[in-house]
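Here is the structure we will look at, set down as structure tokens.
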Amino acid sequence: MKSTRDLTDEHESIMAFLAILETILSNIQSEKKVNLEDLQWLFEFNRDFILKGHCDKESCVFFPALESMAIPPESIDFLVAEHEIAWTIAKTMRGLIQDYIEGRSDIKGDIISLGTGYVDFLKEHILNEEKILFPLVDESIPIDMDERLAFKFRLFIEERLGIGRYQDLQELLSYFKMFYDI
């Protein structure tokens, strides 16, 4: 289906983000040289592409549309709550990264710990969506509703981020994938 395919495609980008983050965290842990600006840019990608784009698209467009279908609310409610948790973790990570850049080397362990937890959290979240929710949607969504959702997704991204910003973020991710060999 078009709507879940769109979200799954974005999940692939999110998984690439997570692989890059894991590489950077591993380099910090092993005290390899790390370009901390990469970590800042990575969390800018996280804020704009993942949270403002993907998660908000699900929360503002996808999940409300599912309420009109026979999708049980318990299949959605915990995912909405997880989006809020992701925002909180990401905000904390951005603060820690900034402090680390400004010379607070004593928080290196906090960055590694919270970053690793964030990677695990998002992987589990994606798994829940793809293995629990998306199959329910795919088997019950009418074709016309699915096509409208896919169209609304594009409009949401245009309004929320702008097409240019969305493309810039995809290029940034491509650069990081190449640079970090992901």
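Every number here is computed from the coordinates shown, using simple stated rules; none is lab data. Just so it is clear, the structure is predicted and the values come from calculations on it, not from any experiment. Heads up, the Cβs are rebuilt from the backbone with ideal geometry, glycines too, and the neighbour counts pull from every protein chain shown.
What to note about this one:
- Summing Lys and Arg as +1 and Asp and Glu as -1 over all other residues whose Cβ lies under 12 Å from the Cβ of Phe43 gives a net charge of -1.
- Listed values for the range 172-181 are Karplus-derived 3J(HN,Hα) couplings in whole Hz (6.51 cos²θ - 1.76 cosθ + 1.60, θ = phi - 60°), namely 4, 4, 4, 4, 4, 4, 5, 5, 9, 6, and x replaces Gly and Pro.
- Ranking of Met69, Met178, Met145 by neighbouring Cβ atoms within 10 Å, starting from the fewest: Met178, Met69, Met145.
- With only the Cα atoms considered, the chain has a convex hull volume of 107 Å³ per residue.
- When each of Asp146, Asp99 is scored by the number of other beta-carbon atoms lying within 10 Å, the sequence from fewest to most is Asp99, Asp146.
- Global dimensions of the range 96-158 from alpha-carbon coordinates: Rg and Dmax equal 19.3, 55 Å.
- Three-way shape call for the range 13-107 based on the alpha-carbon gyration tensor, with the a/c threshold at 1.5: prolate
- What the phi angles of the range 81-89 give under the Karplus curve with 6.51, -1.76 and 1.60, with θ = phi - 60°, is a coupling list of 4, 5, 4, 5, 5, 4, 4, 5, 4 Hz, glycine and proline written as x.
- Partner aspartates and glutamates for Lys33 [C-alpha distance under 17 Å; skip if fewer than 8 residues away on the same chain]: Glu22, Glu102, Asp106, Asp181
- The range 44-87 and the range 116-179: distance between their alpha carbon centers, rounded to Å: 10
- In Hz, Karplus ³J(HN,Hα) per residue of the range 130-139 (6.51, -1.76, 1.60; θ = phi - 60°; x = Gly, Pro): 6, 9, 10, 6, 4, x, 4, 5, 4, 7
- The relative contact order of the chain, computed from alpha carbon pairs under 8 Å that lie at least 6 residues apart in sequence, is 44 percent.
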